[in-house]
Each structure stands twice: as C-alpha cells, then as structure tokens.
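The values are calculated or read from the model by the stated rules, or taken from the named source; none is laboratory data. Keep in mind that what you see is a predicted model, and the values were worked out from it rather than measured. Neighbour counts run over all protein chains shown; Cβ positions are idealised from the backbone, glycine included. All accessible areas refer to the heavy atoms of the entire protein, side chains included, with ligands and DNA or RNA removed. Shrake-Rupley method; radii C 1.70, N 1.55, O 1.52, S 1.80 Å.
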Amino acid sequence: MKGSGSFPVGSVGSFLLGSVTRGHSRWDERLGVIPSGINNSGSFPVGSVGSFLLGSVTRGHSRWDERLGVIPSGISGVIPSGISGVIPSGINNSGVPISPFSPQIPDSRPGPALIPPFPQTFTAWCNSHLRKAGTQIENIDEDFRDGLKLMLLLEVISGERLPKPERGKMRVHKINNVNKALDFIASKGVKLVSIGAEEIVDGNAKMTLGMIWTIILRFAIQDISVEETSAKEGLLLWCQRKTAPYKNVNVQNFHISWKDGLAFNALIHRHRPELIEYDKLRKDDPVTNLNNAFEVAEKYLDIPKMLDAEDIVNTARPDEKAIMTYVSSFYHAFSGAQKAETAANRICKVLAVNQENEQLMEDYERLASDLLAWIQRTIPWLESRDPQKTIPAMQQKLEDFREYRRVHKPPKVQEKCQLEINFNTLQTKLRLSGRPAFMPSEGRMVSDIGAGWQRLEQAEKGHEEWLLTELRRLERLDHLAEKFRQKASIHEGWTEGKEVALRDRDSGTASLAQVRALLRKHEAFESDLAAHQDRVEQIAAIAQELNELDYYDSPSVNARCQKICDQWDLLGSLTHSRREALEKTEKQLETIDELHLEYAKRAAPFNNWMESAMEDLQDMFIVHTIEEIQGLIAAHDQFKSTLPDADKEREAILRIQQEAQRIADLHGIQLPGNNPYTSVTPQIINSKWERVQQLVPKRDQALQEEQNRQNSNEHLRRQFGSQANRVGPWIQTKMEEIGRISIEMNGTLEDQLNHLKEYEQNIVEYKPNLELLEQQHQLVQEALIFDNQHSNYTMEHLRVGWEQLLTTIARTINEVENQILTRDAKGISQEQMQEFRASFNHFDKDHGGALGPEEFKACLISLGYDVENDRQRRTDSNDFRALLGPAGSGLGDAEFQRIMAVVDPNGSGTVTFQAFIDFMSRETTDTDTAEQVINSFRVLAGDKNYITAAELRRELPAAQAEYCIARMAPYPGPDGIPGALDYKSFSTALYGESDL
C-alpha cells in the first residue's frame, strides 16, 4: 500500500479492492469504474464494505505473529488513515490481527483472481442445521435480514436459548433481532470487526457471508481437536490420518488437495466401507468422483450437498472456506464412531491384559500342581525302607537312586526355578496394570512348593544315608557269615571222630604201657580240647552278632551253632568220663613211654599253632583306610618273623620222635605203628608246615593287592578333594559377586542385566567341572569310600550350592527384568531408577537386599516424601535434605503403617527393592482405573446403565466380545431389557473391587 492508500497490482489489497466489486452486482474492472463507496484515492469510508474487507485482511485462522510487528506481503508501509480513518477493532497498530476466528487471508501471488466463498456452500450448511427446526433458507442474502432465522440457526447449532425475538416487520425490529444474534456470537468470545446489524438487514452479501463464516469457524471448526492441535490444523490432521492408507490421496490443504474427489471418497470409505467401492474410482475423472462422494454423503450420512463438482474442477484453487465447511460436516458425522472406536480400544487393551494374566495364572496352577504331584509321588519312594538280603540287590537300589539324581531330579529343579520366575513376573504385571495380587489355590503357594521341596531334600538325604548304611551292614554280614562258615568247618573237621574215640573202651585189654599211653594221649586231647575252647566261643559270638545284625540266613547259622555247642558239651562230658576210666587203670599201668609223651605234648600245641596259623592266613579281611591295611601288613610281617623259631620247634619235635625210634631200634623194642599218645604224626606236622609255607606268600599277595586297592582309593580321595576344593570356593565366590551386582549401581539396568547374563553364561560354561566332580564322586562311591579327609566339601553340599547358584542368578536376572518392566511401564527415567537404588543401598547397611521399617522410613524421607493429613506428597528430590528434620517427625504412624501394608503385605518386617520400586512407581504414575473402563463401556452402550451382547459384538473384536459376554452378570436394574448385561460389576471385578 502506497502512501496515497493505493494497492500494487496483484497484491492482497488489489485482490480485496477487486473483491468489493464481485458478488451479486459485479462491475467490470476493464472499464476502470470505481464503485460507489470508494473514493478516488482508493480508501474506504468508515463502516463500508471496503472497510470490512480491509479488516478481513488482518484476520485469519493462521495468525500473523504480533511479536514480529510485520504487515503481510503485498501491503507496503503502514495502514494509512485515509482508508477508514481509524484502525478497526481487532487490529493492533502494526496491522496484526488479534481475533482467533477471523477468516484466513489467501496467499498473495499472481495468477487467476480468487473467487469468494461459494454462497451455495454456506446456504447448504445453514439448511443442514435449520432442517432440525423444520425450516430452511433459499437466499442467504435475503432470508437472514429480519434476524429470525439467524437466531433460530444459532439456537440449533449451540443448543442454547437466545432472547425472545421481536415479531414486528419494521426496520428497527429487524435490527434488534440481528443485534441479539450478534451479541450472542460475541458472548462466545468472537470479535466481529466492521460487521453491523444494519449491513445484514440491508442484505449486504459480503457482510452476511463473513458473518456465516465466523459462525462456522466458531461452532463447527474451533472445537475440533486432534493430538493437541485444534481448529483448522486439527481438522487437517484428522483428514491426513484418515486418508493416509489410500493411494492417490495426499491431503496437504483445504483447496487443491480435494479437486480430484478421491479425498472425499476416502473419508467415507474409511468409516463406511460398504458405501464406496474405492478401488473402482479413477483419479482422471474428478467430476464423477466428487458427485459420487456428494450423493453418498447426502443419501446415507445426512450431509447436504454444499459444493458443486463442476465449480471445484473448473477452479484453479477451490475456496478454502467452502471445503473446510463441508469437511467439518464429515468430521462431526464420524466423531461418534471415533469415540466408540476409542472406547473399544481401551476395553480391548484392558481385556487383553486381563486375558494374558489369566493365562499366566492357569499356567502357574498347572505347573505347580504337576510339580507338587511329582514331589508327593517321589517322597514315599525315598522314605521307603525295604532292606535287601544281598549286596547286588542293594547296589541296584543305589544305582536306581543315582539315576533319580542324574536323570529325574534336574528337570524338576529347572521347573521349580521357572515356576518362581513366572510367579514373580505375573505379580509384577498385575501390580503394573493395577490388578490385585495373584493368590494361588490353597496348597499351591510358592512357599508350599518350597516346603514340599525341602521335605523332598530331607527324604533324599535320608534315603542315601540308609542305602550306604545298608551296604555297610550287608558287607559286614557277608564277612561274618563267611568267617562263621570257615571256623565252623575247621571245628567240625577237628571234632570228627572225637566222640567215637572218647567212647572207645580199649583200656580194658591194653597193657600198662598202653594204658599209660592212653592216659597221656587223653591228657594231650584235653590240652587240645582246651585250646579249641576259644574257637567254639568265637563261633558262638559270630552267630550272636549275625542274629543282632538281622542276617537273612540266621536260622541255618543258629542250627549249625547249636549243633556245635551241643557236640562240644558232649565232648566235655565224654572227656571227663574217659579220664576217670584211665586213671583207674593207671595204677596198673606204669610203663610210660616218656619220649612219646614228650612228643605228644610238644606236637599237639605245635599242631594247634599251625592250624591257627593256617586259619589266620586264610582269614578274610575288610579295611577302609591305608592305615588299616598297613596294620595288617605289619601284623603279618611280625608273624613271618616267628617262622624261624617255629621251624626250630618243628625240627625239635621231629627229633624226639626220631630219638624214640632210635632207642626202640637200639633195644629191639616193637613200637606200635602210631604214637600211642597223639595222632599227630611227623607226616602231619610236615604236611601242615608245608601248607603254612604255601599260605604265607598267598597272604603276602592278598595284602599287597589290598594295599594297592587302598592306594587307589586314596588317589580317588585326593582327586575328588582337589576338584571339590576348586568347585566349592568358585561357587561361593560367584554367589558373593552376584550379591554385589544386585546392590551396586554400575551403569543402566540394561547394563546390569547384560552383566548378569554374562555371569549366567559363565556359570553354565562351568557346569562341566561339576559333572567331572559327579563322575569322580561316582567312582568314590563305587569303591565304597565313605570318608575323605582331603576336603570338607561333600557332593551333597556342592549340589545344593550349585542349585542355589543357578536359582540365585535366575532370580536376580528376573528382578532386574522386572525393574526394567516397571521402569518402562511407569515411565521412570534411568536417573530416577539410579536415585532409588542409591537411596535404597545407602540405608541397606547390612547389604541384605531388604530394609527394616526404620530404614525404609528414612529412605522415603531421603527421597522427599512426607505425610500430611494422612496424604502423601512428594517434594523435589533435590530439596530432600531440607525435609530430614521436620519430615522425619511428621511421618504419621497411621500413614506409615498404610505404606508398610502396601510394600510388606505378608508382614515379614522387611521391604525388598522390588517392593520399594513398585511403591515408588505406583505413587508417581497413573494407570487405568475401573472408573475409566466403566466410562468406556458407557460410551459403547450409548449412555445406558447396561449393555447388550449385540452391542459388544458390534464394537469389540470377536474373541474379546465373547470373553465379556461369558463373564458379565445379568443387569439387575429396573430399566433393563431381556439379555441386558451389567458392565459396571464386570469392570470393578477386573481391578479386584468386587467379585464376578
């Protein structure tokens, strides 16, 4: 605009000046005639149409920034006073608009002149609302002049009552009615610049169209809001979102983006796909596309035809206001469907969470039932005590137990660990979604499973101890039984024929020498009998021990022992009787062969010694340590050291017999074939001596083999001890390192999780060391080694430690994952999570992973929490030190008890870090509530207190609709209909506030 108030050619001012002359009474710009109302300088009188148009220059839906203080392109200098004399209301000194509802100024650019808003568009828009009141308009310039239909239009679109109109037909009555309408518009926060009642009453088309556009902006477009944008931007964003999936549609504005008609058809197809066959539309046939959309909208959507297809196609740039007016009708027509879709989405989200949680609960119940059933089946087997009669049978039982340890138990350990992880994850998800905590069925709590597992471990330990004890008992029994049979056989062999000899009455016909010989022989027998007394007592003692140890063949042992004892008593009685008979005859017999007697006396003990030696050399032995076998070897060496003296004794005895034979030969004495005093001949002595000589190297070999076996056992002990001394400290170290990781703050939670998973992988890779130890332990058990002084670690301790290590790393990883889940679900930042962990660790003095009540209270105070009037409030965490004094004393007991009930529902007296995080996230974030779900159902039900199955199936996906129908109770209210469902009780039950 120049200093004279004229506009450059092609500028906005030039357009506006030209616009004055267009409408119902145009003037030909080529004639150069200036219409009335415009002076020679191009300025407008105050209140003229030109003045209104100049005001519209400075208004627009997209405001100029007042802070820039600039005037739009095309207007030079400042607004001269010659245009209207004063600056219109709503424009500041720099010409910047301040009305938020003024029409938008079109871009100033060369090209075809822009046409004004289509009058038929505004007329159709007005009639779409006036039809609701049973009337309409024909001519927008004339039918609003009396103000009556204008007031009626405002009442219909606002839903409010206006002051009673004046029914007179005079000009003053019409002006008053129009003023009432304009006052009502102004009361809605709209500043009408240069629009007066007189212009409307006079039928000024430009003023009337400007007023209608202002009404459309205020009541049809202003309330549109999409993602925090409103009015024009919100409507444009809504159109872009709805038409985004459609090809050949790219909505960027409200003019040329709509010329081909595809955008209108896409809007209808997006919401009512059955009305439009979009794939059959062609981009090169815009008139057909536009007419198709206009006809379908008018016929099925009750949206009147506001635009003309030919006008839109034949115009380079369709009128933006007309397009916005028509598109806003689509927005309002489909807004109800949008609300229903939003409500359905909320319900689907809530139901999906609930269905997922129910599936997790069912999985937990099933896994818990299976694990408990396995424990209940296994414990009776482990507690059974069915002793076997033989070592092979008992070893088979031990092998069955090893198979249970190696094959059947490890998968159950993994199931138990996974069950605890699933339970913790489920509880975390329930807390995050605002649902009540999951309470498993009676007897299926994690604690019940832990108690059952503890009983299983105790039964397992008792079963193993019983198996090893039984093996020792059977081994001892076998050794004793063999020893009994060996001693009994030797004794029976010795007593064979003794009873017959003692009953013999040969002394009646014997000579004195013979009688003496018989008497001496009997004395030797008595000496031999006394020597065998110890063996008989040993046999009886062994039989008694076999009975005490419950030997399976005790009856036959007892019978044989009884027979030996009875025979021994009989031999004692017969010996006494024979001695009396020989003593009676001794007085008659005086010739005694001293040499034979001496031989007999010395040969009998020596023979007994050799028999004892042979018995000892053939005696079985059982040792468990290298010291025991060394003791047997030392005793055997000592025995061998006595052999030279024994050989000398043997030679001395043989010389006695040789001397007797020499004297008899010398004096011609006829000796009986055998020594009358003993049955032990030199041949017997030599034979037994040779037998002793043969048994000594065999005994040496047996002892050496046993020593080798004990050396091998010692090697196994050392090998197992060395490996156990490495594995045991490694497990303990890893347990301590995992404990430190869980309380230290090194990096983000994801860093901690990755670190823990690396530890888990390291632990898994270390498992071959434990398997090697299991193999070594099996070798130790197969060798029947029951103690090991080279290590304090037992296989049982290491197994328990390994299982605890696996469980601890899995549980720690699950805790960190739950913290990440809590952080992400509740929107907690990494800095907040580190602050929470730092405060928790600061007050966790013993690093036990839990806080006592006083420590927890101090931790809350350090984070800026206080209780006032039984309500929690949070202060800035940077100012928490200012609260330490007064806040500590102000933390009410009642409120603190409430908080403790939340974080410690079991009353254990401690607060874990996970419970602490859950509490902090619950106190600082919002979640879905039962009231929100009820409101969503109310939208789907059309504001009714009940909902029907048909409505649920129409608004929700099939699976979730059937889920609701199956669980909703019948509606009990008096306003219900058959089949009505109670969505309120269903919604509250989702959050644990009532029972379904």
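Observations, loosely collected:
- Residue separation of Gln544 and Gln834 scaled by 0.36 nm, minus their Cα-Cα distance, works out to 96.9 nm of gained length.
- Surface composition of region 188-280: carbon plus sulfur atoms contribute 44% of the solvent-accessible area (1.4 Å probe, protein chains only, all chains present).
- Loop trypsin sites (Lys or Arg not before Pro), region 137-176, which have at most 15 other Cβ atoms in a 10 Å radius of their Cβ (DSSP): Arg161, Arg167, Lys169
- Spin-label model, Glu499/Asn253: points 7 Å from Cα along the beta carbon direction are separated by 13.6 nm.
- Hz values of 3J(HN,Hα) by residue in region 684-698 - Karplus curve (6.51, -1.76, 1.60), Gly and Pro given as x: 5, 4, 5, 5, 5, 5, 4, 4, 4, 4, 6, 6, 4, x, 5
- Förster radius 22 Å - calculated FRET efficiency between Glu362 and Ala958 (Cβ-Cβ, nearest 0.05): 0.55
- Under 5 Å, built H, 5+ apart or other chain: amide partners of Ala969: Asp982, Phe986
- Exceedance of the 28 Å cut-off in Cα-Cα distance is limited, within the set Lys483/Lys521; Lys409/Lys767; Lys149/Lys321; Lys397/Lys487, to Lys483/Lys521; Lys397/Lys487.
- Distance violations [Cα-Cα > 21 Å] among Lys191/Lys232; Lys232/Lys349; Lys349/Lys984; Lys132/Lys191: Lys232/Lys349; Lys132/Lys191
- Modelled spin labels at Asp846 and Met445, positioned 7 Å past Cα toward Cβ, are 2.3 nm from each other.
- Overall form of region 260-305 per C-alpha gyration tensor (a/c, 1.5; a/b vs b/c): oblate
- Computed over protein heavy atoms with a 1.4 angstrom probe, the accessible surface ordering of Asp386, Asp700, largest first, is Asp386, Asp700.
- Using the Cβ of Lys409 as centre and a radius below 12 Å, the other residues enclosed give a net charge of +1, where K and R count +1 and D and E count -1.
- Region 337-388: trypsin sites (Lys or Arg not before Pro) falling in loop per DSSP and having at most 14 other Cβ within 10 Å: Arg385
- Surrounding net charge for Ser679, when Lys and Arg each add one and Asp and Glu each subtract one, Cβ distance under 11 Å: +1
- Per residue solvent-accessible surface (Å²) - region 115-273, probe of 1.4 Å: 43
- The 3J(HN,Hα) values that the Karplus relation (6.51, -1.76, 1.60; θ = phi - 60°) gives for region 303-317 are, in residue order, 10, x, 6, 9, 10, 10, 4, 5, 5, 5, 5, 7, 9, 4, 9 Hz. Gly and Pro appear as x.
- Loop sites in region 245-317: GluC sites (Glu not before Pro), DSSP, at most 15 other Cβ within 10 Å: Glu274, Glu277
- Per residue solvent-accessible surface (Å²) - region 437-550, probe of 1.4 Å: 49
- Surface composition of region 350-403: carbon plus sulfur atoms hold 51% of the accessible area, using a 1.4 angstrom probe and ignoring ligands, DNA and RNA.
- Calculated FRET value between Ala901 and Glu758, using beta carbons and R₀ = 45 Å, to 0.05: 0.70
- Charge sum, other residues only, whose C-beta stays under 12 Å from Arg473's C-beta, Lys/Arg counted +1 and Asp/Glu -1: -3
- Computed accessible area, Met361, all protein chains, 1.4 angstrom probe, square angstrom: 50
- Accessible carbon and sulfur surface of region 438-569 relative to its total accessible area, %, 1.4 Å: 48
- Length released on extending from Met735 to Gln388, taking residue separation times 0.36 nm less the Cα-Cα span: 120.7 nm
- Here's how it looks for Ile947: its modeled amide H is under 5 Å from those of Leu981, Tyr983, which are all 5 or more places away or on a different chain.
- Length gained on full extension, Arg282 to Ser712, computed as 0.36 nm times the residue gap minus the Cα-Cα distance: 145.4 nm.
- Treating r as the C-beta distance of Ile684 and Gln396 and R0 as 60 Å, the FRET efficiency rounds to 0.80.
- In Hz, Karplus ³J(HN,Hα) per residue of region 400-413 (6.51, -1.76, 1.60; θ = phi - 60°; x = Gly, Pro): 4, 5, 5, 4, 4, 5, 8, 10, 8, 6, x, x, 6, 4
- Charge dipole of region 162-264 (Cα centre as origin; +1 on each Lys and Arg Cβ, -1 on each Asp and Glu Cβ, all else neutral): 320 debye, rounded to the nearest 20.
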